[in-house]
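Below is one structure, written out as structure tokens; the observations come after it.
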């Protein structure tokens, strides 16, 4: 998920909260999702942007990656799989934050609440990048609520436009 409400200047540093589409892209048959996810992660890695992780979100990513390793068609040799694993442990690319006990006042699924809480605990200029249209991207009430915290929710394609600007 990408959330950003900051202007898109070339020198902007974004704190990025990614929903689980990054893991799902590994097994997706959608080649565009796979390649766009890889591009996004490459730009986050090469630029000054940082991925924001709470302990709970980090645990979910780790569990999903372990599940993929255990599957019959082991994904551990997949390039995107390897890149995600590498990026999530790179100290200079990850902003680990404390778990926030904030009660999200907007009705959204629990898994999405964790993404929102992680973004709220981040330090400014935060972008939530997601492929979840129904609960996040098209949720105007939630987007308006997050504007007060300088957080923006963007779909993957729009996030790529902002993140890749130089």
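Quick notes
- When residues of the range 109-134 are limited to those that are at pLDDT below 85 and in contact with a helix residue (DSSP H, G or I) (Cβ under 9 Å, 6 or more places away or on another chain), the one nearest to residue 37 (Cα to Cα): 132
- Test result for residue 165, under 25 Å from residue 34 (Cα atoms) and surrounded by fewer than 18 Cβ atoms within 10 Å (Cβ to Cβ): yes
- Taken together, the criteria exclude residue 77 from residues that are out of contact with any helix residue (DSSP H, G or I) (no Cβ under 8 Å at 6 or more places or on another chain) and within 23 Å of residue 161 (Cα to Cα).
- Per this entry, residue 128 is counted among residues that are within 16 Å of the chain's Cα centre (by Cα) and not in a helix (DSSP H, G or I).
- Being more than 14 Å from the chain's Cα centre (by Cα) and either buried (at least 21 other Cβ atoms within 10 Å of the Cβ) or in a helix (DSSP H, G or I) (or both) is not true of residue 114.
- Apart from one condition, residue 123 fits all of (1) touching a strand residue (DSSP E or B) at 6+ places or on another chain (Cβ under 7 Å); (2) farther than 21 Å from residue 42 by Cα; (3) not in a loop (DSSP other than H, G, I, E, B); the exception is (3).
- Selection count, the range 135-148, where residues are buried (at least 16 other Cβ atoms within 10 Å of the Cβ) and either part of a helix (DSSP H, G or I) or touching a helix residue (DSSP H, G or I) at 6+ places or on another chain (Cβ under 8 Å) (or both): 7
The values are calculated or read from the model by the stated rules, or taken from the named source; none is laboratory data. Quantities reported herein were computed from a predicted structural model and do not represent experimental measurements. Positions of Cβ are generated from backbone atoms using ideal geometry, with glycine treated the same way; all protein chains shown enter the neighbour counts.
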